Each structure stands twice: as structure tokens, then as C-alpha cells.
């Protein structure tokens, strides 16, 4: 959207560039009595003047300077009451062309200007601290702006915009690269000590901790050289050929988080209140250590050194939420706005996350803030449907803007599949923190999750089989007590809700052991404050007049040809002759079967991607199920989204139950690899996210990727190097190949394969 205006912007500013340059240089000479103006200083000053002029001129001026921004939205957010929820935004880089993690300067300026036009103002980390801990009254439409990683482009790209709007921001830096004890060579990517001091002196920037990250955030975690996240894994000590002990691990993590804070305070003579978890890892990404233990160590170290810690909500488009009074200060949420959002889209997301008032009745006329975390969620006429996709066991969605709620009762009228489980979720903070009533065919249990650790509070066996059509289900939370209702009857109750879950919103979850099975249809949904008269409220739920539900039509793309029956493809014939499977032109390639998303033959290339209602796609080559030991390699032409997968030993012809996959992930120009095994429809990582040692083009064009399977050994290959190797005793002995792709947004992923080769290994 923004790119369409770039040429206009260039025309305007090329005409005024000489005038601006003259003003800036003359002013610099006269005011500072210097003979040379640095390039960066000149560029920042010119950029500041550009945006200052544009912002001060309002919408008309913005249009006159080449349409820098889309039309800003009308006021949609309440600005009369003190802030009940505070959004915290996180950006990573300011670049010339949008990618997964970075946004253009004009795109960032559009986001900030849209917020300004709505009356939003930045508040400091101290303000946020006082708000969360003590309920400090903050102005309506307050927000916190942050940047991760300490990148130069973030400072030089964002600072002119902040200065023009009077905004402030916090930069979370890795002190190991930005403030090393001994600076031998200055980085061209990360901010230097001098730049950090300069930022702090502007008064617009606060510097906070992103740990030390001397090793780039990844350490060796086993004898084979596997890499893992540095906070949640024990380090392999080469000299001793062993892992760290518990005490060595705890000491290293504590030192990492303590010394980073101390270094910032030493250089800047300021107090550091906060840190952000590197890679969003707060202990859950453990590979060689119990994750609960890792979480305990990390959080103990953080509590000793900081007042607040920030996670990053993944994906931003789905689990979008804000922070309220008395929220867990060590698990505060940050939203990463998509680089491809317009200012209007950003405001729409913020508006749907603003505090909703009780009593609340869902009309389903439009999406009022329901965010799908995983699985499928569809707003339909008179309600919504949720359930498993073809590769998931269920669905999880929450209602944004409900996080400040404390004591309340929620009631649903719904249909659900026999044999599945339905969870009514209350006190929801995020997918790692909530309490829930879990209904099954013949029992009900109350469980809670705190920092990802699940605990069952009570389980009750029912003397009857649960109904599944037009059933009224409810849940109440009052203080530390939770109750589950069937109609107006209490079927389970428990006390002992964790004190960190004293507030939180509503969500709903469905799940089944079998992939692609669970589904619910919600006809009505209401929430009231917890008080007397609960039974009367519950009795009315199933009697609510409603329209007949119009279920969504099939999303299957009729343009995609159904593959005809394909005979077995030989890699080696009966005489032992090797027959490699080699495709340069997919026009006549037969046998591709789509299990998820969509596939097309795009010219001479195979395109696998998402539909408008899915986040990815998976296509397999039928006739290859008898292949045993082989190598497969592909050369992509382009990649949209976060990852594509090479699939091997795909054993089934009817479902996605058993296979292994090398998942190649694209985060801008930095690549990662993960090895997954899918067994009986359940996918688990065998080797966690492994960072590639080199950089790739942003779309990975012409970079060869491969995978080999020999016996029980699997190798993932990037650019000719075997980057991940593992033994998987439980994978199928034979099976074919496939291509998958995935992104965080519906319709946001596609991979084009230019060339494919499969060679037997005898």
C-alpha cells in the first residue's frame, strides 16, 4: 500500500532537496561552527524536517507531499477515560524494503502518525511500571514503543519520526555486541557505545536489556554440535565433554542477565527497569533440560535484577493483546505490528483490543476482537465455528479487550463433536497463562496454566453422557474459586486459582486426540459480572432467539485439478538400474496431491501455498510412497511467508499421519532449520530451531536445499551443507516426498519450486 506512493514522494523531495540541504548545511555551520556535516547527521536532519513538515500540515499536507500515508482513520478509540489497557509495540529494524521483521521508514511513519491522529502518546517504562504495579492513572490512549536487538537502522530510521511527533521509545540492546567491555571492531549492524550514549542523551530513547548474547543467542548443547537457545539450555563444555551442571547453568544465566543490566547502568548512569526475552524465550525452548526448571532459573534471575520483562506475542496478527493493572510484570505482552499493515489496519487492531465492558453480549455481526491462536476460527452468520484444520488437533481463540476482567461468569450455547473436548477459558492472559473448565463426554475438570505449566485443580466424573447439540455451558471465576456449569447446574468447582491469574479474559478451545476431528459451533455468548442471580442468567442462555446458522462454503479451490491415479514411480528398477526423479519443468509432472492449502503449476514451476483461509499448504507426490533410502533436493524461485518444508518418508496415501520434515525458516536474511517428526498425526520437533551460519537472499531465490533419509538417519541440507543430522528410530521405513509452506497470517505463504531432484541411495 505504501509502496504505491514512493514515486510521488521522490518527485516532491527531489524538487526540494537542494533547498533543504542548503538550509541544513548553513544552519549547521552557523550554529555549530563546524566545517563538515556527517552523512548520517545530514540524513537524519533532512528526514526529521521532511516528517515535521508533513505531520504539522495534517492530512492535506501529507497528500501534497506525494501521498506519504494512506488516509488516516476516523477516531474509533475512546479517549475520555483513563487507560485501562496499555498496548506495547515492538519493532526490529527500519529498512528500505519490508521483510518479516523490518519495516520501511515511511511505513513506520504511517503507523506512528495514525496513532498520533488518534490521540495516542508514548509513556515511559517508569510510567508503565507504576501502572502495572500500583495502578497509576495514565492518560487515555497511552502506549509504549520498543525496539529489539539494538540495530543501527532502528535508531537512524526511527529517530527522525519520533522527534517530529514528540514520541519516545525504548531500545533493548544485547550488551555483548553494543556495549562490550573491550570494543575491538565496531559493528556495521549493531549500535556502538558512542551511538548508545548519543541516543540516551536525546531524551527520546531509553536503553534496556536484551541480555549479553555474546554468542549470538545460540550455544552448543550436545557433543554433536547442535545449537540451542542460550537461556533455556545447558551448554556443552568441550574441554570436559559434558553438559553444565545445574549450578553452573544457573550461575551462567544469572550472570547473563545481571551483567547486562550492570553494563548499561555503568555506561549511562541510569536505572534499568526492564528487559525483553531474547527470541521470546523465557524457558520454553529447552532441548536438554526440563523446561520448568529452566523457567524457574530464568525468572529468579530476572526478578533479582528487573521490575519488568517482556515477551513477544507470536504471531502478532493472532494473539494480539495489551497489558493491564496487576498483570504479571515478568510476562508483559508486546505486539509486533506487521510491516505490511497500513496505519488504519494498526488502529483497527488496537481498537479491538481496547477494554470491553461488562455485561457483554456477542452479536457476531462483525469480528469484535476474536483472535485465533491455532486451528481454524470462522465468523459465520449468527455465531462462529472453530475446529481443527487438516494438520491440527483443535482450535484456540480468545476475545481481545477482556484482559482486565476479574470476577465474572461466561455462558455459551453451542454444538460440539462427540468424543472431543471443549474448554471454556477464563482469566486468560495468553496461551501460557489461564484457567479453564474442560468438558468431555463423561467428565469435567478444572485446570490452570501458569507460565506454561499445567496443573489440574479437580476432575469430576459425570453420571451421564454430555449432550452435544444446543447445549448451554458456563464457567464462573470469583476470587480463587472457579465453577463449571451445564445449564444452570454446577458440575465442578475448585479453589486454588494461582494469584497471578486474578484477572484475565475469555477464550474457547476445542481438542481431540485425532487430527482434523474436533469442531464446535457457538450460537450465543454472553458474560456478566459474578453476582447473585447466576442461575437465572444461565437459564436464559439456551433460550436466546437466534437465526439459523449459515455454515461457510467449502474453501476448496475448483481450479486445482484433482490428480488421477498414479502408478508407482521407480527410483530403481527390477534390474537394479538407477532412475533418478528429475523435474525442471513441472508442466507435465503428474501425481501431486494437495492435503492442505493449495498447489498450482505456475508456468514451469510448482507453487505450494496457503488459501485465503489457511496459513500454509502441504502437497505430496503420489506414487512415491514405496521409496526407502534417498536424497531429495529443491531449488526455490521464491518464498513468501516464514518457512517451507521438505518432507520425506511420507507413508500414507490418505492423510498426514506419518512423515519427517526439514523445516527451513526465513527470518529476513537469517535462516533457521528445524527437524520434525509427525507420528499418528502429532508433530513434534526432533531437533529444535538451529541457526544457519550464513545469510541468504530475503526470498531464498536459487539457494539449494535438500534432505536425505537412510535407514533411521535424517539429514537436513542447506546450500550443500548438512546442517542438522538426527536418528529417528520411529519414522516410517519407507515413504515419499512432499513440499510444505507456512506463515503466521491466512493466505500469507507460498513457495515456488524451480527444480526438484530425487536420487536413490543404495
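Of all the residues that make up the range 487-503, how many are under 22 Å from residue 397 (Cβ atoms) and at pLDDT below 90? Summing the residues that are under 22 Å from residue 397 (Cβ atoms) and at pLDDT below 90 in the range 487-503 gives 1.
Look at residue 418 and say whether it is surrounded by fewer than 17 Cβ atoms within 10 Å (Cβ to Cβ), touching a residue at least 40 places away in the same chain (Cβ under 8 Å) and over 29 Å from residue 357 (Cβ atoms). Judged against the criteria, residue 418 is a match.
Checking residue 446 against (1) closer than 10 Å to residue 507 by Cα; (2) touching a strand residue (DSSP E or B) at 6+ places or on another chain (Cβ under 6 Å), only one condition comes out false. Which one? It is condition (1) that residue 446 fails. The condition (being touching a strand residue (DSSP E or B) at 6+ places or on another chain (Cβ under 6 Å), part of a strand (DSSP E or B) and without any contact (Cβ under 8 Å) to a residue 60 or more places away in the chain) is satisfied by just one residue among 172, 147: 147. Filtering 284, 271, 357 for residues that are under 26 Å from residue 169 (Cβ atoms) and part of a loop (DSSP other than H, G, I, E, B) leaves a single hit, 271. Within the range 250-291, track down each residue that is surrounded by fewer than 21 Cβ atoms within 10 Å (Cβ to Cβ), over 24 Å from residue 178 (Cα atoms) and in contact with a helix residue (DSSP H, G or I) (Cβ under 9 Å, 6 or more places away or on another chain). Result: 250, 284, 285, 289. I'm trying to understand the selection: among the residues of the range 635-646, which are over 17 Å from residue 761 (Cβ atoms) and either part of a strand (DSSP E or B) or modelled with pLDDT of 85 or more (or both)? Within the range 635-646, 635, 636, 637, 638, 639, 640, 643, 644, 645 qualify. Screening 232, 240 for residues that are free of Cβ contacts under 8 Å to residues at least 12 places away in the same chain and outside any helix (DSSP H, G or I) leaves exactly one candidate, 240. Any residue in the range 251-261 that is in a loop (DSSP other than H, G, I, E, B) and closer than 11 Å to residue 208 by Cα? Taking every residue of the range 251-261 in turn, none turns out to be in a loop (DSSP other than H, G, I, E, B) and closer than 11 Å to residue 208 by Cα. Tell me, which residue of the range 704-746 that is surrounded by fewer than 18 Cβ atoms within 10 Å (Cβ to Cβ) and either at pLDDT below 85 or at positive phi (or both) is farthest from the chain's Cα centre (by Cα)? The selected residue is 711. Within the range 305-327, the set of residues being modelled with pLDDT of 85 or more and assigned to a loop (DSSP other than H, G, I, E, B) comprises 306, 307, 322, 325. Scanning the range 360-374 for residues that are part of a loop (DSSP other than H, G, I, E, B), modelled with pLDDT of 80 or more and at negative phi yields 362, 363, 368.
Report whether or not residue 193 is closer than 28 Å to residue 88 by Cα, surrounded by 14 or more Cβ atoms within 10 Å (Cβ to Cβ) and over 30 Å from the mean Cα position of the chain (by Cα). Yes; evaluated as a whole, the condition is true for this residue.
Of all the listed residues (332, 399), the sole one being within 21 Å of the chain's Cα centre (by Cα), at pLDDT 85 or above and not assigned by TED's automatic domain parsing to the domain that holds residue 415 is 332.
Here residue 167 passes the criteria (1) modelled with pLDDT under 95; (2) part of a loop (DSSP other than H, G, I, E, B) except the one numbered (1). Looking at (1) assigned to a helix (DSSP H, G or I); (2) farther than 24 Å from residue 191 by Cβ; (3) in contact with a strand residue (DSSP E or B) (Cβ under 6 Å, 6 or more places away or on another chain), which is the one condition that is false for residue 83? Single failed check for residue 83: (1).
Kindly check whether there is at least one residue in the range 446-466 that is part of a strand (DSSP E or B) and within 20 Å of residue 388 (Cα to Cα). No, the range 446-466 contains no residue that is part of a strand (DSSP E or B) and within 20 Å of residue 388 (Cα to Cα).
For (1) farther than 30 Å from residue 128 by Cα; (2) over 20 Å from the mean Cα position of the chain (by Cα), each residue gets a yes or a no:
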| residue | (1), (2) |
| --- | --- |
| 321 | no, no |
| 336 | no, no |
| 339 | no, no |
| 362 | yes, yes |
| 372 | no, no |
| 377 | yes, no |
| 383 | yes, yes |
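Residues that are over 22 Å from residue 751 (Cα atoms) and in a loop (DSSP other than H, G, I, E, B) within the range 624-634 comprise 625, 626, 627, 628, 629, listed in sequence order. Filtered by the rule that a residue be surrounded by fewer than 21 Cβ atoms within 10 Å (Cβ to Cβ) and in a loop (DSSP other than H, G, I, E, B), the range 201-216 gives 203, 204, 214, 215, 216. Of all residues in the range 600-631, those satisfying the criterion of being under 20 Å from residue 579 (Cβ atoms) and either surrounded by fewer than 23 Cβ atoms within 10 Å (Cβ to Cβ) or more than 30 Å from the chain's Cα centre (by Cα) (or both) are 621, 622, 623, 624, 625, 626, 627, 628, 629, 630, 631. Considering only the range 121-144, how many residues are farther than 20 Å from residue 404 by Cα and free of Cβ contacts under 8 Å to residues at least 60 places away in the same chain? Residues in the range 121-144 being farther than 20 Å from residue 404 by Cα and free of Cβ contacts under 8 Å to residues at least 60 places away in the same chain: 2 in total. Scanning the range 347-365 for residues that are in contact (Cβ under 8 Å) with a residue 12 or more places away in the chain, buried (at least 22 other Cβ atoms within 10 Å of the Cβ) and out of contact with any strand residue (DSSP E or B) (no Cβ under 9 Å at 6 or more places or on another chain) turns up at least one hit.
The values are calculated or read from the model by the stated rules, or taken from the named source; none is laboratory data. Because the structure is predicted, anything quoted here is derived from the model rather than measured. Positions of Cβ are generated from backbone atoms using ideal geometry, with glycine treated the same way; all protein chains shown enter the neighbour counts.
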